[in-house]
Amino acid sequence: MKKIEIGHGSGGRLTRELIERLFLKYLRSEELKPLEDAAYINLRDQNIAITTDSYVVRPLFFPGGNIGKLAICGTVNDLLVSGAMPGYLAIGFILEEGFPLDSLEDILKSIKETAQYAGVSIVTGDTKVVEKYKCDGVYINTTGVGEVIKPLPVSNVSPGDAVIITGTVGDHGMAVALSRDEFDIKAAVESDCAALNELLMPIMEIDGLKWMRDPTRGGVATALADLSESTGFGIEIFEDKVPVREDVRFISDMLGYDPLYLANEGKAILIASRESADRIVAILKKHPLGHNAEVIGNISAKFRKVKLRTKIGGERLLDMLEEDMLPRIC
Ligand code: MG
């Protein structure tokens with residue numbers, strides 16, 4: 001009998017297969033089919049984006065954030081990268097019997113602060129409690145809706161476009177991994193968990209912006225492999241251009257992680273026309289959340305897949321995350 005494996009939650013290859021073979025088989029709709037971060041819907045001639053996400057991060061509190069902050073940022077960012085201005089959120093909690101109310105209050109404080117910063121109102125919610133040991137403290141689901149400012153379908157992407165990353169990669173994955181105390185490593189790595197409204201809203205006014213994605217589970221590599229698969233184009237990435245914190249790189253080497261596959265919760269990949277790329281990077285760099293922004297590669301019609309040009313002049317294929325070395329990262 002086939003069963004759900006931990007890798008089905010990785011956001012990588014197995015997740016994709018599960019969605020395509022089972023979920024789409026029964027739930028297919030025009031709006032769902034592109035499998036983007038948010039769906040575009042039309043309500044009385046108003047263009048709306050809608051998205052939903054569940055959060056099961058372990059531990060619930062980690063350097064730079066907690067499950068509450070994450071549940072707001074993740075959903076807000078999914079709307080933003082879809083070219084929508086986040087407006088309203090619905091939130092659902094699954095709580096474990098015995099969970100301390102003080103901890104729940106800390107989570108709610110973060111939710112309030114983050115929602116205020118992101119300019120979203122929480123307008124409906126739900127709470128369920130399950131017996132002790134039947135869930136791990138708190139799980140949260142958030143659903144967000146926003147007004148579409150600039151539709152960014154993947155069909156916009158064309159050969160010659162530039163690939164931009166808004167900052168250092170792998171911070172969230174590394175911060176959560178280290179906070180699990182499975183390794184005896186002391187480092188000051190914090191999650192990059194942040195709502196990206198201030199960073200991305202100004203960019204949406206630029207004509208050359210074509211597509212965006214927040215590289216969460218599965219990291220930058222999986223997001224790009226996914227993009228390559230849906231467009232049929234190749235993507236060339238230059239390793240020496242990809243910003244990685246010194247400590248994240250060092251610990252990744254030690255533990256056998258690749259920062260390109262580690263989760264980010266406050267970064268975006270932008271695809272933009274070559275002509276507009278430098279201007280976009282200049283605007284991003286003005287904001288504290290974007291001061292490490294870089295053009296890291298380009299879209300190509302000459303090959304398929306994602307090719308990493310390594311620092312030593314080699315070439316490596318970047319595919320979707322196959323196994324999940326760090327489950328429950330978000
Ligand atoms: Mg996303």
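The values are calculated or read from the model by the stated rules, or taken from the named source; none is laboratory data. The structure presented is a predicted model; accordingly, all values stated were derived computationally and were not measured. As a convention, Cβ positions derive from the backbone with ideal geometry for all residues, glycine included, and neighbour counts pool all protein chains shown. When the accessible area is computed, the model is the full protein with side chains, heavy atoms only, and any ligands, DNA or RNA have been set aside. Shrake-Rupley method; radii C 1.70, N 1.55, O 1.52, S 1.80 Å.
Overview of results
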item	result
Test: residue 89 is in a strand (DSSP E or B) and either within 16 Å of the ligand (Cβ to nearest atom) or buried (at least 23 other Cβ atoms within 10 Å of the Cβ) (or both)	yes
Criterion (among the hydrophobic types (A, V, I, L, M, F, W, C) and over 17 Å from the mean Cα position of the chain (by Cα)) met by exactly one of 79, 70, 24, 35	24
Residue match in the range 30-38 (condition: open to solvent by 30 Å² or more (accessible area, probe 1.4 Å), outside any strand (DSSP E or B) and modelled with pLDDT of 95 or more)	no
Residues of the range 9-29 satisfying the condition of being surrounded by 14 or more Cβ atoms within 10 Å (Cβ to Cβ) and more than 21 Å from residue 329 (Cβ to Cβ)	24
Test for residue 179: is it farther than 27 Å from residue 158 by Cβ, more than 16 Å from the ligand (Cβ to nearest atom) and hydroxyl-bearing (Ser, Thr, Tyr)	yes
Single residue of the range 182-192 satisfying the filter (open to solvent by 10 Å² or more (accessible area, probe 1.4 Å) and over 15 Å from the mean Cα position of the chain (by Cα)) that is farthest from the ligand (Cβ to nearest atom)	184
Lone qualifier among 74, 64, 83 - being open to solvent by less than 50 Å² (accessible area, probe 1.4 Å), on the phi > 0 side of the Ramachandran plot and within 16 Å of the ligand (Cβ to nearest atom)	83
Candidate set from the range 205-247 (those that are in a loop (DSSP other than H, G, I, E, B) and within 16 Å of the ligand (Cβ to nearest atom)); member that is most open to solvent (accessible area, probe 1.4 Å)	217
Residue within the range 193-201 that is within 16 Å of the ligand (Cβ to nearest atom), within 24 Å of residue 155 (Cβ to Cβ), open to solvent by less than 30 Å² (accessible area, probe 1.4 Å) and part of a helix (DSSP H, G or I) present	yes
Close pairs from the range 177-201: first more than 16 Å from residue 69 (Cα to Cα) and touching a residue at least 24 places away in the same chain (Cβ under 8 Å), partner of a type in the set (S, T, N, Q) and part of a loop (DSSP other than H, G, I, E, B), Cβ under 7 Å, at least 6 apart	199/166
In the range 282-330, the residues that are surrounded by fewer than 18 Cβ atoms within 10 Å (Cβ to Cβ), farther than 15 Å from residue 241 by Cβ and either touching a His at 6+ places or on another chain (Cβ under 9 Å) or among the basic types (Lys, Arg) (or both)	286, 302, 304, 305, 328
Which numbered condition residue 23 misses (of (1) hydrophobic (A, V, I, L, M, F, W, C); (2) assigned to a helix (DSSP H, G or I); (3) within 16 Å of the ligand (Cβ to nearest atom))	(3)
Tally, over the range 250-287, of residues that are touching a residue at least 24 places away in the same chain (Cβ under 8 Å) and assigned to a helix (DSSP H, G or I)	16
Any hit, the range 120-138, residues being outside any loop (DSSP other than H, G, I, E, B), open to solvent by 30 Å² or more (accessible area, probe 1.4 Å) and under 30 Å from residue 302 (Cβ atoms)	no
Test: residue in the range 89-97 that is in contact with a Cys (Cβ under 6 Å, 6 or more places away or on another chain) and over 16 Å from residue 48 (Cα atoms)	yes
Selected residue (criterion: least open to solvent (accessible area, probe 1.4 Å)) from residues of the range 248-281 that are aromatic (Phe, Trp, Tyr) and more than 18 Å from residue 193 (Cα to Cα)	257
Total residues in the range 42-61, condition open to solvent by 10 Å² or more (accessible area, probe 1.4 Å) and more than 13 Å from the ligand (Cβ to nearest atom)	13
